[in-house]
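The values are calculated or read from the model by the stated rules, or taken from the named source; none is laboratory data. Note that the coordinates shown come from a computational prediction; the quantities given were computed from them, not determined experimentally. Neighbour counts are summed over all protein chains in view; Cβ atoms, including those assigned to glycine, are modelled from backbone coordinates with ideal geometry. Just the protein is used for accessible areas: all its heavy atoms, side chains included, with ligands, DNA and RNA removed. Shrake-Rupley method; radii C 1.70, N 1.55, O 1.52, S 1.80 Å.
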Amino acid sequence: MRRISIFGATGSIGQNTIDLIGREASSYEVVALTGGSNIRQLANDAKRLGAKVAVTAFNEKLDDLREALAGSPVEAAAGPAALIEAAARPADWVMSAIVGSAGLAPGIEVLRQGGTLALANKETLVCAGQLVLDTAARHGARLLPVDSEHSAVFQALVGEDMNAVERIIITASGGAFRDWPVESLASATVEQASSHPNWDMGQRITIDSASMFNKALELIETKEFFGIDPSRIEVVVHPESIVHALVGFCDGAVMAHLGAPDMRHAIGYALHWPERQDLPVPRLDLAKLGQLRFRDPDPDRYPALRLAREVMERGGLSGAVFNAAKERALDHFIGRRIGFLDMTDAVAAVLDRFEGADGLIDASLTLDNVRKTDHLARQWVDDAVLRRAG
Ligand code: NAD
Ligand code: MG
């Protein structure tokens with residue numbers, strides 16, 4: 001029996017993970033499931049899978065969760081401290097699928113326990129890459145990528161020597177607005193940004209795909225995960241979302257990873273790694289697909305990619321600034337307080353302000369400094385939005 005926990009169990013990645021383990025439930029002992037406001041889903045899954053504990057991230061939801069679990073042996077808990085406590089419980093495999101920087105602290109705790117962390121939460125590496133890698137190394141913990149591009153690179157690298165890698169190419173669908181005239185982007189609505197051409201994902205990552213903030217985070221994630229110089233990471237727009245990533249080697253060979261756009265591929269690979277097992281995902285029919293297209297990302301359409309390159313150059317806490325500013329700008333876009341293009345402007349302004357505020361926060365990469373930076377960057381986005389409104 002493998003002991004497993006799922007952080008962010010009620011979300012898109014969490015539910016896909018539950019779908020996979022639910023198919024062979026007798027092989028798994030579920031330790032912890034966590035969620036947010038969707039208490040009914042969390043409680044139902046926890047009861048069905050016989051979890052030891054169910055945790056909602058929000059303290060005010062504890063009574064609802066207790067009520068939903070009444071009469072079952074599942075423990076109920078709530079709040080950020082309860083998430084850390086759940087992360088400290090022994091488990092053989094833990095899925096990190098909380099959305100946003102809230103996923104960082106529980107992930108670090110899993111690594112401190114020497115566990116295996118399947119990382120869907122890209123923000124963990126964006127905000128605190130070196131800290132995360134050092135923590136994993138110190139405690140003999142293992143990180144497995146779940147983001148589809150990073151899982152694809154990881155698979156293309158099996159048996160290869162990193163010294164022979166010339167470049168890594170990650171693909172991007174181009175998101176909801178890839179074929180819109182650039183002039184129309186300023187008036188794009190939340191609803192328009194929330195529909196993805198190929199993938200069925202949570203709302204936040206779907207909007208981040210339209211703005212390419214998602215790919216921007218993934219550029220940084222690639223640099224951190226594979227320890228490769230940013231100049232050797234490329235992004236190519238691939239509207240079909242069939243090729244997830246490619247690795248180019250020093251002899252000119254390029255290994256590509258192909259698969260249907262279904263996250264159960266990457267989740268299942270991390271779940272069964274280092275083996276492969278049958279997965280309930282659609283099989284590719286290349287003849288039916290007919291063609292796979294590729295093009296360079298238009299820098300005017302996707303300025304977030306340029307910002308990510310700046311962040312990689314600056315290093316240190318700028319990843320935490322970038323991510324937090326992006327998360328807060330996204331909150332304001334979803335709240336209809338700013339427009340689609342204002343998100344990139346807000347993030348760029350906050351990055352510059354942080355660069356100019358040398359010494360405001362101790363530059364060493366600790367969890368505490370990342371938290372302070374995250375808080376400050378959100379505050380600065382709020383200031384900018386308020387100023388515009390006033
Ligand atoms: P989602 O919005 O569908 O689910 C997010 C989960 O996090 C939910 O369980 C929610 O309750 C929980 N949550 C929200 N706020 C929280 C907080 N403050 N504290 C603790 N928990 C909180 O998101 P998703 O699409 O499943 O994405 C999860 C992560 O995986 C993100 O980092 C995303 O970038 C990454 N990812 C997602 C996909 C995808 O296909 N959905 C693909 C690659 C990577
Ligand atoms: Mg991805």
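Tabulated data for the structure shown
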| quantity | calculated |
| --- | --- |
| Per residue solvent-accessible surface (Å²) - the range 268-337, probe of 1.4 Å | 55 Å² |
| Lys, Arg +1 and Asp, Glu -1 on Cβ, resulting dipole of the range 281-370 about Cα centre, debye, nearest 20 | 620 debye |
| The range 316-389 - percent of accessible surface contributed by carbon and sulfur, probe 1.4 Å | 52 percent |
| Unit charges on C-beta of K, R, D, E only; dipole of the range 28-161, Debye | 280 debye |
| Protection proxy ranking of 77-85, 148-156 - average other beta-carbon atoms within 10 Å, highest first | 148-156, 77-85 |
| For the range 316-389, average projected area of the Cα convex hull in nm² | 4.4 nm² |
| Phe249-Glu191 pseudo-label distance in nm [points 7 Å out on the Cα-to-Cβ vector] | 5.1 nm |
| Value of relative contact order over the chain, rounded to a whole percent, pairs C-alpha under 8 Å and six or more apart | 14 percent |
| Charge-dipole axis of the range 129-237 as Lys and Arg at +1 and Asp and Glu at -1 on Cβ define it, positive-most pick from Asn163, Ala186, Ala141 | Ala141 |
| Environment charge at Pro282 (Cβ cut-off 15 Å; Lys +1, Arg +1, Asp -1, Glu -1) | -3 |
| Stokes-Einstein D (µm²/s) once Rh is taken as the Kirkwood radius of the range 24-77 over alpha-carbon pairs, at 4 °C in 1.567 mPa s | 119 µm²/s |
| Simple spin-label estimate for Arg388 and Ser364 in nanometres, 7 Å along Cα-Cβ | 3.7 nm |
| Nearest-20 debye value, the chain charge dipole, Cβ charges on Lys, Arg, Asp, Glu | 620 debye |
| Whole-angstrom gap from the range 1-62 to the range 330-346, using each part's C-alpha centre | 32 Å |
| Rounded D (µm²/s) - the range 2-145, Kirkwood Rh over Cα pairs, Stokes-Einstein at 37 °C, 0.692 mPa s | 223 µm²/s |
| Selected from Gly71, Gln291, Ile220, residue furthest toward positive end of dipole (the chain; charges at beta carbon) | Gly71 |
| More than 32 angstrom apart: percent of Cα pairs within the chain | 33 percent |
| Distance-filtered residues of the range 306-329 - backbone nitrogen under 12 Å, label point 7 angstrom along Leu341 Cα→Cβ | none |
| Computed P(r) (all Cα pairs; the range 258-302; 5 Å bins; percent) | 5, 17, 19, 15, 13, 15, 11, 4, 1 |
| Cα centroid separation - the range 210-243 against the range 64-104, whole Å | 30 Å |
| Percent of alpha-carbon pairs separated by more than 22 Å within the range 216-309 | 42 percent |
| Amide H partners (placed H, <5 Å) of Ala176, local residues excluded | Ala210 |
| Loop-resident sites, the range 6-101, for trypsin sites (Lys or Arg not before Pro), counting at most 15 other Cβ within 10 Å (DSSP) | Arg23 |
